[in-house]
Amino acid sequence: MHLTHPTKKYEQSWESLLHEFDENEEWSGFWNVPQRPTDLDEYIKVTKDYSKGKNLPDYWVTADTYWLIDNNQIVGHVNVRHKLSDNLKKRGGHIGYAIRPSVRKKGYGTKILQLALLKAKKLGLKEVLITCDDANTASQKIIERNKGVLQDIIEVDGKKVRRYIISL
């Protein structure tokens, strides 16, 4: 199991992943592009640009995008943000991840966050903020398994958001 930047090598897996998220109506911005990606070549280009801080949409920050690969399939997606905007300090944090719905509850969430924390450390971050909705008990467990310490619970746009700190 490993992280890789988006690549054409996993194009079929990427297409099935998109389809799976579509079926579950899960599009919450975790793809690190302003809207749902449709073209892999464009997606690769945009994520490379964003990792260099180029062509970022307003209020976005530099971020690296990775896929979690297991048995030659994409099982998850993660963004590692180099710094935080005011909005990301409330919801989003340094790391945002999603696991393919069909393989949830198999430890992939814990693993993708563990590997993303190593990437954040290589960026020179000493600690990271990670958030999740208060109702998302699966993410709470993933964050806590990775030594997340609950800082507070705040309200953002009418929803309670849990904010955790992980020291690197």
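The values are calculated or read from the model by the stated rules, or taken from the named source; none is laboratory data. Every value quoted in this text rests on a predicted model; they were computed, and no experiment measured them. Virtual Cβ from ideal backbone geometry, glycine too; neighbours counted across all protein chains shown. Remember, those area values only see protein heavy atoms, side chains included, never the ligands or the DNA or RNA. Shrake-Rupley method; radii C 1.70, N 1.55, O 1.52, S 1.80 Å.
Which FRET efficiency value, to the nearest 0.05, is calculated for ASP157 and HIS19 with the Förster distance at 30 angstrom and r the Cβ-Cβ distance?
FRET efficiency, ASP157 to HIS19: 0.55.
Check which residues have an amide H placed less than 5 Å from VAL61's amide H, if you skip close sequence neighbours.
Long-range HN contacts for VAL61: none found.
Put +1 on the Cβ of every Lys and Arg and -1 on every Asp and Glu Cβ in region 44-164; which of SER85, ALA138, ALA120 then has its Cα farthest towards the positive end of the dipole?
Result: ALA120.
What accessible area per residue comes out for region 71-127, rounded to a whole number of Å², with a 1.4 Å probe?
Accessible surface, normalised per residue, equals 52 Å².
Within the accessible area of the chain, what % is carbon and sulfur when the probe is 1.4 Å and the other protein chains stay in place?
Here carbon and sulfur together make up 45 percent of the probe-accessible area.
Taking θ = phi - 60°, what integer Hz values does the Karplus form 6.51 cos²θ - 1.76 cosθ + 1.60 yield along region 55-71, in sequence order, with x for Gly and Pro?
Per residue, the Karplus-derived 3J(HN,Hα) values read 6, 6, x, 3, 6, 9, 10, 4, 8, 9, 10, 9, 10, 8, 10, 9, 6 Hz.
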